[in-house]
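Below you'll find the structure, written out as structure tokens, and then a few comments.
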Amino acid sequence: MTAYFVAHKARLDRVIETLERRVSWSPFKESASPKFHGEEAPRAGRAAFLARLGKPFDLADQPGEVGRTGGEVSPFTGQPLGITYPRADMNLLLGTSRALLRAWAAEPLETRMGLCLEMVERLHQASFEIAHAVMHTAGQSFPMAFAGSGPNALDRGLEALAMAWRVMTLTPQDSDWSKAFGPGDPVRLHKSYRQIPLGPAVVISCATFPTWNAYPAMFVNLVTGNPVVVKPHPNCVLPMAIAVEICRDVLRAAGQDPNLVTMITDSVDRPIAQELVTHADVAIVDFTGSARFGGWIETNVRGKQVFTETSGVNTVVIQGTTDLDGMVRKLAHGLCLFSAQMCTSPQNIFVPKDGIMTDQGAIGFDELASRVAVAVDDLVSDPVRAAAILGAIQAESSCKLLGELRALSVGQGTIIRETTPYAHPEFPEARTATPLLITCDIGARDLYAEERFAPVGFFIRCADAEEALRQASADAKQIGAITAFLYADDENFVARAEDAFAWAGANLTINMTSGAMPINFSAAYSDLHVSGLNPAGNATLTDVAFVASRFRTVQRRRPF
């Protein structure tokens with residue numbers, strides 16, 4: 001049962017080393033190019049995806065099926081995927097997970113770790129199929145779906161496993177203890193330490209990046225001894241269904257009960273999440289999704305360990321720059337990337353009303369906003385490039401929101417760039433939208449003071465850079481922010497911004513103007529994702545706290 005651990009130990013060691021040094025490394029290739037994967041893997045992955053369409057998705061041996069559900073529609077084709085998934089009896093499914101807890105916890109840590117590492121490898125082998133599934137449910141372009149929901153997500157999964165290994169091996173299994181208590185022989189005790197998992201864990205994945213947050217949660221729960229129940233977003237089930245299927249296959253082949261990993265589904269009109277997370281058999285909840293429901297979980301789910309990653313109002317503060325063109329390009333790209341449907345996408349850009357100093361001289365507020373709008377126009381003018389960067393709009397509600405914001409801006413702001421669809425070169429029916437850009441005063445809170453889950457950016461007119469920093473950091477703390485971005489040529493201002501955003505709990509990127517990396521890219525093994533210090537979430541990928549409270553350690557002692 002430890003064969004998988006032996007086979008993957010070198011990879012685990014490398015991940016631990018990378019995590020300790022916080023450097024760049026991955027065992028996987030982010031590019032989907034046949035140069036790295038050969039000609040057959042891309043073809044086979046696409047064929048496997050196409051073979052899923054229009055058919056029931058069965059999870060062999062999963063108990064409690066009481067019906068079927070399914071309503072996914074591709075944001076690219078506009079057509080239903082036609083896949084139905086098992087709808088399970090919640091009590092029976094969770095009861096099964098609860099019944100497996102003690103046997104799974106009794107397995108050595110090396111066994112559980114080895115199986116999880118093997119799951120990572122099998123998921124990697126299915127990267128092309130999963131990428132097509134993500135593309136046609138979440139709306140990501142294929143290159144993003146492959147990299148972000150394949151290698152990047154698996155790296156986050158490995159990161160969580162490495163952190164779990166470090167935490168779970170801090171305490172030895174046994175120790176011999178001796179202490180003198182006055183005259184006579186010392187007291188000698190043999191002490192043993194046993195890690196006890198909390199119980200079944202529910203992992204709720206989101207509609208736009210389903211695997212990126214789900215993999216770390218799934219693996220950290222499994223390796224710490226907790227059975228996992230995955231609840232995908234009803235509009236994005238297929239990627240997680242494939243992942244669950246693969247994990248179950250690994251368990252079954254190793255002689256373990258495949259029901260250590262199960263899936264429970266719902267529909268948009270018949271949601272089950274509230275009932276699920278409050279169920280008596282659930283001990284752990286990992287949630288990725290809206291701030292509204294994440295806040296409800298944090299407030300109402302009692303007596304369970306809750307880990308949330310929701311959403312935030314990510315801000316940009318501009319005091320000045322020594323590379324105006326580079327800054328404009330980076331901001332335009334950040335506003336366009338995946339049509340701003342990422343939890344790290346910039347939304348609110350705070351700029352002094354009198355403009356800023358740059359390497360090209362003084363630039364006024366309106367001119368700066370106009371330059372970013374022109375840069376966005378340039379990015380989306382080529383349909384092939386637009387398709388790779390923007391992808392598609394996952395939900396019709398985002399398109400509706402753009403219309404509402406256009407109306408709301410009347411009297412509160414000025415639209416400097418209209419949102420329009422772009423013509424996707426491969427999928428004429430794709431649901432697309434380019435960024436809507438609006439200028440407004442700092443008092444127009446109804447416009448910008450909440451996350452707008454759509455391709456929209458607000459240029460906010462401030463009295464000066466100090467007011468911009470005060471408002472941006474206050475919003476991060478009060479409303480929630482995962483990331484923040486700063487452009488400044490005054491190191492004293494940079495220092496004040498670093499302190500302000502640190503206390504607001506927003507990870508800060510400073511003066512990024514060059515290179516191909518998106519400004520909001522979050523690197524596994526190096527970048528921490530979510531601080532837990534503001535309403536954007538209470539859990540961090542990946543710190544010790546993400547692992548340690550999923551189990552407890554008890555001891556026994558006896559004289560020897």
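The values are calculated or read from the model by the stated rules, or taken from the named source; none is laboratory data. These numbers come from a predicted model, not from an experiment. Here the Cβ positions follow ideal geometry from the backbone for every residue, glycine too, while neighbour counts run over all protein chains shown. Protein only, heavy atoms only, side chains kept; ligands, DNA and RNA dropped before computing areas. Shrake-Rupley method; radii C 1.70, N 1.55, O 1.52, S 1.80 Å.
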Inset, instruction - Hey, can you tell me all the residues within the range 508-530 that are of a type in the set (S, T, N, Q) and without any contact (Cβ under 8 Å) to a residue 12 or more places away in the chain? - result: none
Legend entry - Tally of residues being surrounded by fewer than 21 Cβ atoms within 10 Å (Cβ to Cβ), in contact (Cβ under 8 Å) with a residue 60 or more places away in the chain and among the β-branched types (Val, Ile, Thr) across the range 531-560: 3
Legend entry - Enumeration of residues in the range 458-489 that are β-branched (Val, Ile, Thr) and within 21 Å of Ile438 (Cβ to Cβ): Ile460, Ile479, Thr483
Inset, instruction - Can you work out which of the residues in the range 487-519 that are closer than 23 Å to Met163 by Cβ and open to solvent by less than 30 Å² (accessible area, probe 1.4 Å) is nearest to the chain's Cα centre (by Cα)? - result: Ala506
Inset, instruction - Within the range 76-94, track down each residue that is in a loop (DSSP other than H, G, I, E, B) and touching a Phe, Trp or Tyr at 6+ places or on another chain (Cβ under 7 Å). - result: Phe76, Thr77, Ile83
Inset, instruction - Filter the range 57-75 down to the residues that are of a type in the set (A, V, I, L, M) and not in a loop (DSSP other than H, G, I, E, B), then identify the one that is nearest to Phe142 (Cα to Cα). - result: Val73
Inset, instruction - Determine whether Ala99 is over 21 Å from Ala207 (Cβ atoms), in a helix (DSSP H, G or I) and without any contact (Cβ under 8 Å) to a residue 24 or more places away in the chain. - result: yes
Inset, instruction - Can you tell me which residue within the range 66-88, out of those that are of a type in the set (D, E, K, R) and out of contact with any Asp or Glu (no Cβ under 8 Å at 6 or more places or on another chain), is most open to solvent (accessible area, probe 1.4 Å)? - result: Arg68
Inset, instruction - Output the residues belonging to the range 247-261 that are in contact with a strand residue (DSSP E or B) (Cβ under 9 Å, 6 or more places away or on another chain) and within 24 Å of His136 (Cβ to Cβ). - result: Cys247, Arg248, Val261
Inset, instruction - Tell me, please, whether a residue that is at pLDDT 95 or above, under 25 Å from Val547 (Cα atoms) and either open to solvent by 10 Å² or more (accessible area, probe 1.4 Å) or in contact with an Asp or Glu (Cβ under 9 Å, 6 or more places away or on another chain) (or both) can be found in the range 123-140. - result: yes
Legend entry - Pick from the range 379-427, criterion free of Cβ contacts under 8 Å to residues at least 12 places away in the same chain and over 23 Å from Gly71 (Cβ atoms), ranking: least open to solvent (accessible area, probe 1.4 Å): Gly403
Inset, instruction - Determine whether the range 163-179 contains at least one residue that is surrounded by fewer than 20 Cβ atoms within 10 Å (Cβ to Cβ), in contact (Cβ under 8 Å) with a residue 24 or more places away in the chain and small (Gly, Ala, Ser). - result: no
Legend entry - Single residue of Ile246, Ile242, Ile196 found to be open to solvent by 20 Å² or more (accessible area, probe 1.4 Å), under 30 Å from Pro80 (Cα atoms) and β-branched (Val, Ile, Thr): Ile246
Inset, instruction - Would you mind finding the one in Gly289, Gly303 that is open to solvent by 10 Å² or more (accessible area, probe 1.4 Å) and either in contact (Cβ under 8 Å) with a residue 40 or more places away in the chain or polar (S, T, N, Q) (or both)? - result: Gly289
Inset, instruction - Considering only the range 316-327, state which residues are open to solvent by 10 Å² or more (accessible area, probe 1.4 Å) and part of a helix (DSSP H, G or I). - result: Asp325
Inset, instruction - Just need a number here: residues in the range 435-486 that are part of a helix (DSSP H, G or I), within 25 Å of Gly295 (Cβ to Cβ) and open to solvent by less than 50 Å² (accessible area, probe 1.4 Å). - result: 8
